Amino acid sequence: MVASKKTKKAMESINSRLALVMKSGKFTIGYRSTLKSIRQGKSKLIIIANNTPALRKSEIEYYCMLAKVGVHHYSGSNIDLGTACGKYFRVGALCITDPGDSDIIRSMPTE
């Protein structure tokens, strides 16, 4: 019971920070555009949904390791990640290029 409450609290903080990025920062949504921004060296943080296919997930993680970019594994599905972004569609991968007013990059542990 206590562990689920803690994860729910953490997810709420991620969602609120993500909403602030959507409002004030710059980001790209989607697998292909995320890979492009990693290759160009623009990305600061990558967020991946938990039901992203394993091959895509490992490819994004590999690119991030080479570019020294932080990766956060979002605990919800791609539908939840899309809702957290304020979109009405599914989001499998999200790249934050400019956090804006949010402190999401400092608060996320870089892996």
Say a site is exposed when it is one of the chymotrypsin sites (Phe, Trp or Tyr not before Pro), sits in a DSSP loop, and has at most 14 other Cβ atoms within 10 Å; what is then the longest site-free stretch of the chain?
1-87
Whole-Hz ³J(HN,Hα) from phi, Karplus 6.51 cos²θ - 1.76 cosθ + 1.60, for the stretch 73-87, glycine and proline x:
8, 5, 6, x, 7, 5, 5, 5, 5, x, 5, 5, 7, x, 9
Rounded percent of accessible protein surface that carbon and sulfur make up, the chain, 1.4 Å probe
56
Student exercise: in the chain, how many lysine pairs 8 or more apart or on different chains have Cα atoms under 18 Å apart?
13
So with the 1.4 Å probe, I'd like the accessible area per residue for the stretch 15-81, rounded to whole Å².
56
Amide H neighbours of residue 45 under 5 Å, at least 5 residues apart or on other chains, H built in the peptide plane: list them.
96
For residue 76, other-chain or 5+-apart residues with amide H closer than 5 Å (H placed, Pro excluded) are 50
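The values are calculated or read from the model by the stated rules, or taken from the named source; none is laboratory data. Worth saying up front: this structure is predicted, and the values here are computed from it rather than measured. Ideal geometry is used to build each Cβ from the backbone, glycine not excepted, and the neighbour counts take in all protein chains shown. All accessible areas refer to the heavy atoms of the entire protein, side chains included, with ligands and DNA or RNA removed. Shrake-Rupley method; radii C 1.70, N 1.55, O 1.52, S 1.80 Å.
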